[in-house]
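Below you'll find the structure, written out as structure tokens, and then a few comments.
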Amino acid sequence: MNKFQKTVRTLPVFFLLLPVFFVLHGYTENFDAIPSSDAFYLLGVYILASFLLFLLGWLLYRNKYKAALFSFSIMAFDFFFGSVQDVLKKTFGEVLITRYVFLLPFSFILFL
């Protein structure tokens with residue numbers, strides 16, 4: 001096993017793969033509308049944000065796996081909150097469960 005494979009197997013890189021999935025999915029779904037330069041720029045911004053959250057998590061937990069999970073959770077919330085809210089609005093209509101007054105505190109409690 002070479003050094004690269006050993007490094008990839010021992011480091012938690014899944015928190016960096018979430019932005020890759022999100023941007024690649026959006027780019028392929030809207031291929032004609034989004035220039036590739038914009039997609040790469042957005043990917044860089046999201047990877048940088050994920051890495052900064054990883055560093056913040058590492059300062060809090062002093063464990064690279066917990067820090068990676070922290071970063072992954074925050075970024076997943078950021079990426080999919082709008083979709084979850086849209087599904088709730090489509091399912092339940094304009095009720096309390098679909099409003100920010102309920103969703104944001106509920107999400108915060110769920111994270112804790």
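Hey, in the GNM for the chain with a 10 angstrom Cα cutoff, which one of LEU69, LEU52, LEU11 fluctuates hardest?
In the Gaussian network model the winner is LEU11.
Relative contact order for the chain using alpha-carbon pairs under 8 Å, separation at least 6, rounded to a whole percent? Display every interim value, and only then the final one.
Values: 66 pairs, mean separation 26.1, N = 112.
That works out to 23 percent.
Obtain the nm distance between the two label points defined at PHE40 and LEU59 by a simple spin-label model: each point lies 7 Å from its Cα along the Cα-to-C-beta direction.
3.1 nm
Which is the longest run of the chain containing none of the trypsin sites (Lys or Arg not before Pro) found in DSSP loop states (not H, G, I, E, B) with at most 14 other C-beta atoms within 10 Å?
Values: sites that count: ARG62, ARG99.
Segment 1-61 is the longest.
Express in Å², to the nearest 10, the accessible area of VAL84 obtained by rolling a 1.4 Å probe over the protein heavy atoms while all chains stay in place.
80 Å²
Which whole-number percentage describes the relative contact order of the range 52-111, with Cα contacts under 8 Å and a sequence gap of 6 or more?
On the way: 28 pairs, mean separation 10.7, N = 60.
Reported as a whole number, the value is 18 percent.
Please identify which residues in the range 62-90 have an amide N closer than 20 Å to a label point set 7 Å out from the Cα of ARG9, following the Cα→Cβ vector.
The answer is 64-65, whose backbone nitrogens lie closer than 20 Å to the label point.
Given the options GLY44, GLY26, GLY93, state which has the largest fluctuation in a GNM of the chain using a 10 Å cut-off (strictly under) for Cα springs.
GLY93
Compute the long axis of helix 64-92 from its Cα atoms, compare it with the longest principal axis of the Cα atoms of the chain, and write down the angle in degrees, 0 to 90, nearest 10.
Orientation of helix 64-92: about 20 degrees from the principal axis.
Send over the Kirkwood Rh of the chain, from the inverse of the averaged 1/r over different Cα pairs, rounded to one decimal Å. All intermediate terms of the calculation are to be shown ahead of the outcome.
Working: mean 1/r = 0.0621 Å⁻¹.
This gives a value of 16.1 Å.
Would you compute, from DSSP H runs of 4+ residues alone, the mean residue ellipticity of the chain at 222 nm, taking -39500 (n - 2.57) per run and dividing by the full residue count, rounded to the nearest 500? Provide the component values of the computation, followed by the final result.
Working: 5 runs with 91 residues, N = 112.
Helix contribution divided over all residues of the chain: -27500 deg cm²/dmol.
How tilted is helix 36-61 with respect to the longest principal axis of the chain? Cα atoms for both, answer in degrees (0 to 90, nearest 10).
80 degrees
In nm, to one decimal, how far is the modelled label at ASN2 from the one at PHE81, with both set 7 Å along Cα→Cβ?
Each label point lies 7 Å from its Cα, and together they span 4.1 nm.
The values are calculated or read from the model by the stated rules, or taken from the named source; none is laboratory data. Remember, predicted model here, so these are calculated numbers, not experimental data. Positions of Cβ are backbone-derived with ideal geometry, glycine not excepted, and every protein chain shown enters the neighbour counts. Note: accessible area is taken over every heavy atom of the protein model, side chains too, but ligands, DNA and RNA are not part of it. Shrake-Rupley method; radii C 1.70, N 1.55, O 1.52, S 1.80 Å.
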